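Read through the structure below, which is laid out as structure tokens, and then see the notes.
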Amino acid sequence: MRLELTLKNMLDKIESLDWKLDVYIPSNKEINDSILCLVLDDDTEEDRGSDDEPIYPTSIGYKSFLSMSDLQSIKSNLLQQNSEAGLNELISAAKYYYENDAFININR
């Protein structure tokens, strides 16, 4: 399975997406709500590189972003800190996690 969705659309339906999916983003673009994400099931990708990663994403200029499981955990953590957090906060939390390999800490 392969889906192409904007980050906004993907995050809007994050609860309905399988936690086993992986998310890729364009290598040369800034992370924002309109960035196009490639969502795929790594287990169904047959063509693989020497590092056992799927070849398709890199062949079209994408790089690994986060797993769906990570994104679902990021959203859960964010909502525990601020139940009124919206899309912009979720995108910021995902960027923070991607860059720091840690959950964002929101000071209210």
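The numbers here are math on the coordinates, done by the rules we state, and not lab data. Just so it is clear, the model here is predicted, and its values are computed rather than measured. For neighbour counting, all protein chains shown are included, and Cβ atoms are generated from backbone atoms with ideal geometry for every residue, glycine included.
Odds and ends about this structure:
- Distant-in-sequence amide contacts of Cys37, defined by a placed amide H-H separation under 5 Å and a gap of 5 or more residues or a different chain, comprise Leu5, Thr6, Leu7.
- Net charge of the neighbourhood of Met68, taken over other residues with C-beta under 14 Å away and scored Lys/Arg +1, Asp/Glu -1, is -4.
- Label-zone membership for region 81-97, site Lys13, 7 angstrom Cα→C-beta point, backbone N under 16 Å: none
- Bins of 10 Å, starting at 0 and running to the largest distance - Cα pair percent for region 1-83: 18, 50, 27, 5, 0
- Rough spin-label spacing in nm, given labels placed 7 Å along Cα→Cβ, for Ser69 and Ile106: 2.5 nm
- Extension gain, Asn77 to Glu4, is 23.7 nm, computed as 0.36 nm per intervening residue step minus the present C-alpha separation.
- Between helix 68-81 and the chain: long-axis angle, C-alpha atoms, 0 to 90°, nearest 10: 0 degrees
- Degrees, to the nearest 10: 87-100 long Cα axis against longest axis of the chain: 60 degrees
- Among the GluC sites (Glu not before Pro) in region 19-77, those placed in a DSSP loop whose Cβ has at most 13 other Cβ atoms within 10 Å are Glu30, Glu46.
- The chain - percent relative contact order, Cα under 8 Å, separation 6 or more: 27 percent
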